[in-house]
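Here is the structure we will look at, set down as structure tokens.
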Number of protein chains: 2
Amino acid sequence: MDQKGLLIVISGFSGAGKGTLVKELVDRYGYSLSISCTTREPRAGEVDGVDYHFKNKEEFERLIDYNGFIEYAQYVENYYGTPRKFVEDEMAAGHNVILEIEVQGAINIKKQYPDAVTMFISAPSAAILRERLVGRGSEDEATINKRMKRAITEADSMPVYDYIVINDDLEDCVNQVQSIIVAESSKSKYKEGFMDEIKDELQSV
Amino acid sequence: MDQKGLLIVISGFSGAGKGTLVKELVDRYGYSLSISCTTREPRAGEVDGVDYHFKNKEEFERLIDYNGFIEYAQYVENYYGTPRKFVEDEMAAGHNVILEIEVQGAINIKKQYPDAVTMFISAPSAAILRERLVGRGSEDEATINKRMKRAITEADSMPVYDYIVINDDLEDCVNQVQSIIVAESSKSKYKEGFMDEIKDELQSV
């Protein structure tokens, strides 16, 4: 099998459980996790190369000039970007690459990589989404309200995703995403090698 | 959930294990199996309504006139067809319908039902395909050679299928097909109801 790896793009509402989901996919199935570059300051506990690749502005802009990102954006004076080399090397080596990204980044990636598998993770309902954000206990009400407001805008983009995954139970959610990955890997467009082989072999058996 | 059922079209080489696969899918997941109509005589052990719906030529042609088939074909003076009513009623009731069919029938169905999920089941290699046909012990060498010859033609149509499933181990094969069905059911095009709901709800939570 010299099948290329898939580019798996995961977005979703804040509080939908993307972080835990992505961690499980990487731990259980050994998928390659793309780590973003950023120019923002590391927060307490964040590790360079694990949470982000922390760069200064000059380094980041040099990477932009060298076409080093498959997508990047600027929020509140800070850059965020997805390094091209890691993603393309891993895919070429046949590894599935997971990328957790905002809606606009996902749309940009799908334009460049039409075979990217895009999925949007949602809570089962808006009430449960709010409950989960409150349950985290890490954000004040104003921040939670801001996240809920952003969810309204994000919801408008749900139809541009290939798949919608409703995260009710983590175990079910991981299995559903894994099913999507298995299915995508089974698409006939990736089976040219196998099809050519069996056609040749059928002529001589 | 008032999501419509999927139309799952399964083709594959003779000897690839389609029959066993379909039986497992129906037994384990309760999918609805579409049973073809035919005008050929029942063979020993075949049961009307289980293996086929056996019809005489007049009945069959009346059904053709009434648009009663989603596809039909004539082979060696006998008609074979897929009854429309069963397929459409089951899908409307939200049940996934499985249809085991020849390559040309699958192509015809995909034209009418672009959302139909088409999969081609193959043995891992031509040598294993021949082994399985020989192992059945039910066919003489001439028949096996005929089936292998037909496989050459069928192999040319593999790329028109959405998915290629290589049946090496039955258990893996059933799981892979089930993953494809789960993935297809998760496509955003079927989630309009959910998306509208959560958008409404986000406005008020």
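The values are calculated or read from the model by the stated rules, or taken from the named source; none is laboratory data. Worth saying up front: this structure is predicted, and the values here are computed from it rather than measured. All Cβ positions, even for glycine, are placed from backbone atoms using ideal geometry, and neighbour counts span all protein chains on display.
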**Request:** Report whether or not A:Arg28 is under 28 Å from A:Glu77 (Cα atoms) and charged (D, E, K, R).
**Result:** no
**Qualifying positions in the range B:153-188 - within 21 Å of B:Gln3 (Cβ to Cβ) and either outside any helix (DSSP H, G or I) or in contact (Cβ under 8 Å) with a residue 60 or more places away in the chain (or both)** = B:Asp162, B:Tyr163, B:Val177, B:Gln178, B:Ile180, B:Ile181, B:Glu184, B:Ser185, B:Ser186, B:Lys187
**Residues of the range B:61-92 classified as among the hydrophobic types (A, V, I, L, M, F, W, C) and within 21 Å of B:Lys23 (Cα to Cα), total** = 3
**Request:** Report yes if some residue within the range B:121-139 is crowded, with 22+ Cβ neighbours inside 10 Å and in a strand (DSSP E or B); otherwise report no.
**Result:** yes
**Prompt:** Of the residues in the range B:72-84, how many are free of Cβ contacts under 8 Å to residues at least 40 places away in the same chain and under 28 Å from B:Ala183 (Cβ atoms)?
**Reply:** 1
**Request:** For A:Ile107, indicate whether it is in contact with a helix residue (DSSP H, G or I) (Cβ under 8 Å, 6 or more places away or on another chain), of a type in the set (Val, Ile, Thr), farther than 30 Å from B:Arg132 by Cβ and within 12 Å of chain B (Cβ to nearest Cβ).
**Result:** no
**Asked** Can you tell me which residue in the range B:195-205 is farthest from A:Asn145 (Cα to Cα), limited to those that are at the interface with another protein chain (Cβ under 7 Å from one of its Cβ atoms) and either in contact (Cβ under 8 Å) with a residue 12 or more places away in the chain or part of a helix (DSSP H, G or I) (or both)?
**Response** B:Met195
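One line per residue, one yes/no per condition, for (1) surrounded by fewer than 17 Cβ atoms within 10 Å (Cβ to Cβ); (2) at pLDDT 95 or above; (3) outside the structural domain of B:Asn167 (by TED's automatic domain parsing):
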| site | (1), (2), (3) |
| --- | --- |
| B:Asp2 | yes, no, no |
| B:Ser14 | no, no, no |
| B:Leu21 | no, yes, no |
| B:Glu24 | no, yes, no |
| B:Arg43 | yes, no, yes |
| B:Glu59 | yes, yes, yes |
| B:Ile64 | yes, yes, yes |
| B:Gly81 | no, yes, yes |
| B:Met91 | no, yes, yes |
**Message:** Given the criteria in contact with a helix residue (DSSP H, G or I) (Cβ under 8 Å, 6 or more places away or on another chain) and either in the same structural domain as A:Ser179 (by TED's automatic domain parsing) or at pLDDT below 95 (or both), does A:Ala142 qualify?
**Reply:** no
**Complete:** Output for Cβ contacts, cut-off 6 Å, separation at least six or different chains, first residue closer than 20 Å to B:Asp200 by Cα and within 12 Å of chain B (Cβ to nearest Cβ) in the range A:128-149, second in a loop (DSSP other than H, G, I, E, B) and among the hydrophobic types (A, V, I, L, M, F, W, C), reads A:Leu129/A:Phe13; A:Leu129/A:Ala123; A:Arg130/B:Val205
